[in-house]
Structure formats: C-alpha cells, structure tokens
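The values are calculated or read from the model by the stated rules, or taken from the named source; none is laboratory data. This is a predicted model, so every value here is computed, not measured. Because the Cβ atoms are built from the backbone with ideal geometry, glycine has one as well, and the counts that use them run over all protein chains shown. All accessible areas refer to the heavy atoms of the entire protein, side chains included, with ligands and DNA or RNA removed. Shrake-Rupley method; radii C 1.70, N 1.55, O 1.52, S 1.80 Å.
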Amino acid sequence: MAYTERYETYMDEITSDIERIRTSKDRIVFGYTSNMDVLLTYDEAVFQEILDKYLKTDLYSNPDDVIDSMETFARLVTCYMSQGLGGEVDIVNEEVCKYLIEHFQTQYSLGGTCAQGSAALGTVGMPLLVHISDKSEGVCELMGYPGMECVKDGKKVPIREIAEGNPVYHIIFSYTKGDTFRIGDKVYTVPVSNRMILDFDTIHKDIVVTEDFRKYVEAHAGHIVSYNISGFNAIVDTELAKKRMEELGRHYEAVKEKNPNCHIYFESAHYLSPAVKHIVYKEISRYVNVMGMNEEELVAHTQECGATLDHTSLPDVLKGMELLIEKYQVNGITLHTKDYSMYYGDPLTGADVEKGLTMGNLLSGTRARVGHYGTLEEIRESLQCPLSKTGLAFAQELEEMDLVRSAVLVPSRYLEKPVCTIGLGDTFVAGVQFAFIGQMG
C-alpha cells in the first residue's frame, strides 16, 4: 500500500481512537513545563538597523553563550540565521527583552513541549493528564480544552482550576527561507526556515514535579497510554539537576514497576548547560523507551560522541542513531525532520510505529501549513500536500539496506515555505502518541 493511502487509512482511524480514550480511564500524560511564548514578527528593516548599530564582530557561537546585550543578540542570531539553524539561548539582561518587544510586532502563544503537545491533542478532542510549570491565567486559558486535566489535592481537575501566578516569557525569533540581511558589503540569505528561542526565565532553572502529580501517576500507572517527559533543558546547576533526576528516577521506576508496558517518551531539546544535559540523559535513559529529536539535535549528540554526521546522508543518520542507542541503551530513537520522520531501534511491543510517525507528520505539517494547531478537518486537508521527494528517496534507500535493528520511515507532507516553524517538533510528538493507543484496554 502506497504512503498516500496509508496516510488516509490512519487519518480515518483517529476519531475512534479519540473516542476510545474519552470513554475510558486511560490517559496520555504530558509533563512538565509550560510558558507564554512571545512571537516576534520578522522585519527586515528593523533587523538590519540592529545589525548596523550593534554587530561589531564576525559571526560565531559557543555552547555556553548567553545574551547579555544587543551586541551578543546580533552576533548569535545572525550566526544561526546564516546557516538556517535553530537553537535556544538564555537572555540574562531584561533590557534586551524590552528592546526586542518594543521594536518588533509581537504575538503571544503557548510555549514548552508539554504545553504545545497537549494543545495539539486537545484541539482534536483528545483528553489528557498534564503537569505544567507556568500556571498563569493566560496559559491555563490557552490549554483549557475539554478533558484537559491536572492534579490538585490528589484528584484530577480541569486545568483552569489551577490558574495562579504570573506568566513566564520565552521570546521566539523566527526567520524564513529566503530572508536576507547585510553585514558590511556581504549579503546573507537564510537557507532554511527556522527559529531561535530566547529565554528570560528563572522558574525553569529548577523543575519541580509536584508530589501530588507523581503520586497520582504512580497510583494510576495501569491506565497510562504513554508518558511524555521534557522540560529539563533550562536547568544550569549540576547539583540541582542530579537531585531532580534522582527524584524522578524513583518516580519512573515506580511507574514501570506497576505498568511495565508503559511507554516513556523523552523529547530532546537544546540544553543551556552541556554538563546538565549529560546528567539528565544519563539518568533518564535508564527508564525511557524512546528518545525523540530533530536532525540538528542528532548532529549535536553525535558530535559529543566524537563522530561527524552528514544529515543529508541516510547511512550517516542511521550511524548517528545507532551511536546514541548504544550510548544511552534506550529501545529506540524517533527522528523528525521537514522531509521525513523515522524510528530506529528495537521493535516497540504494542505500538503501531508507522501510524505514530504518520500522524506526527500530519499534525506538525498542518501546524506549519495553517499556523496553528490543526482541527481534524484541517489535518485532513493536509493530505492534499505532496510527499517530500527527499523523504521518498530516503524511504526507497532504506528498503534496500540491510539493518541490524528495526527502522520505519515515513515521508512528510512537504511545504517549501511554512507559515509557522514554532512548535513543529512538539506537535509531532503529539501525533506520535496515536501509536500507543492500541496497546491499552
């Protein structure tokens, strides 16, 4: 059966999947962080004015960079833009935030893998259990879908019932393929649409997963369809990271003891501290079934292993995924790119991996196409988009390879110029959860 037909087949199953969860005690779980994203509308004239005024050095970036001035902002952002890369960097000077918000048009939306993945599923009517960190009125309102619940005083409650406190802002600076900027006499053109996430945020320097939530999840582990975890990437204190990972390690152990079939899914991200990243991955990998990441994160991981990876080469990509599986001893890795998604690793018992990848592509592709989390109708409309030629070529190449592990690749519905590049990986993770629904009940 061709990929186009399989897309339609899986899409036809979604309504009954959602209804089955809605009428049962089973739930998909998302944790742990949320924030309010400030989306800056790219303005070439404003950006060029910033470069003319503040850019005083060559383009370069370091792993430990923070944005402490407009000069640092100009250097780092142009470095990433010139290569079409995305990333995440701390802002440590509030004046930078004020300058950017004053000079660019802004929009506000949900931020955080947990919050965005939950909202993507909430939009199609999927009930969820979530843990969020920014509980502000604005965040809870944006996540206030029917069936979206948190834990309060040992019980599930609608998310609006936990609203309190002020929002946490993450500034998102997006750029589109073909955007240009000038440095001196040289004109640069953005090769790939992407974004930078600029965090002025102290709350996520420590991730506290409430005891209430942990106890509830452990007590109801048998009804967890999948447990999706993320949000550790803003921690910079290594001792604090060790403490939190020990706490959560005991939690995951308790969940796995009560439900060995529970799939724990960990979505990667850009870490502000390489040392913290090492601590998190070392502990998390003991319990995680699947690690999810994009191709930029895969390249960064393999570089840390002492290997060089060409993400346009399928053998290189597979070699990189094999390195990470060996390093972290997880079942497998899910890779999401603009052209395809792929699972590589040991077979996942009770999971329809191809269905998960397909729905991940559809949900993220729809967000890219329409600029928001897609309704079922909008997701179905995305079936009219062509399959990526690169993804199809990779799929054909994969069929002819002799592999030591299971590999499933699904070409994406391709968009040359997406309307939105924010939260596509998080929305992809939401779609992947349809892989695990069939194992329950």
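Results, tabulated for the structure shown:
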read-out	value
Hits in region 375-401 - residues which are among the small types (G, A, S) and farther than 16 Å from Y10 by Cα	S388, G391, A393, A395
Residue in region 102-121 that is in contact with a Leu (Cβ under 8 Å, 6 or more places away or on another chain), under 25 Å from T57 (Cα atoms) and hydrophobic (A, V, I, L, M, F, W, C) present	yes
Output for region 208-255, where each listed residue is among the hydrophobic types (A, V, I, L, M, F, W, C) and open to solvent by 30 Å² or more (accessible area, probe 1.4 Å)	V208, A219, V236, L240
Count - residues of region 314-348 that are farther than 26 Å from A368 by Cβ and either acidic (D, E) or open to solvent by 40 Å² or more (accessible area, probe 1.4 Å) (or both)	10
Where T366 falls short, out of the listed (1) touching a strand residue (DSSP E or B) at 6+ places or on another chain (Cβ under 7 Å); (2) in a helix (DSSP H, G or I); (3) within 15 Å of G117 (Cβ to Cβ); (4) open to solvent by less than 10 Å² (accessible area, probe 1.4 Å)	(1)
Residues within region 405-420 that are out of contact with any Ser or Thr (no Cβ under 7 Å at 6 or more places or on another chain) and either part of a strand (DSSP E or B) or among the small types (G, A, S) (or both), tallied	4
Residue check, F30 open to solvent by less than 50 Å² (accessible area, probe 1.4 Å), modelled with pLDDT of 95 or more and either in a helix (DSSP H, G or I) or touching a Lys or Arg at 6+ places or on another chain (Cβ under 7 Å) (or both)	no
From the options R182, R195, R160, residue that is touching a residue at least 24 places away in the same chain (Cβ under 8 Å) and surrounded by fewer than 19 Cβ atoms within 10 Å (Cβ to Cβ)	R182
Condition check for V124: open to solvent by 10 Å² or more (accessible area, probe 1.4 Å), under 22 Å from the mean Cα position of the chain (by Cα), hydrophobic (A, V, I, L, M, F, W, C) and at pLDDT 95 or above	yes
Lone unmet requirement of (1) farther than 30 Å from K242 by Cβ; (2) surrounded by fewer than 21 Cβ atoms within 10 Å (Cβ to Cβ); (3) touching a residue at least 40 places away in the same chain (Cβ under 8 Å); (4) not small (G, A, S) for H311	(3)
Scope region 284-300; condition open to solvent by less than 30 Å² (accessible area, probe 1.4 Å), assigned to a strand (DSSP E or B) and touching a strand residue (DSSP E or B) at 6+ places or on another chain (Cβ under 6 Å); matching residues	V290, M291, G292
Total residues in region 371-404, condition assigned to a helix (DSSP H, G or I), open to solvent by 40 Å² or more (accessible area, probe 1.4 Å), touching a residue at least 40 places away in the same chain (Cβ under 8 Å) and aliphatic (A, V, I, L, M)	2
Selection status of T358, among the polar types (S, T, N, Q), outside any helix (DSSP H, G or I) and either over 16 Å from F232 (Cα atoms) or over 16 Å from the mean Cα position of the chain (by Cα) (or both)	no
Filter result for the condition that a residue is closer than 22 Å to N361 by Cα, open to solvent by 30 Å² or more (accessible area, probe 1.4 Å) and of a type in the set (S, T, N, Q), over S61, S24, S16	S16
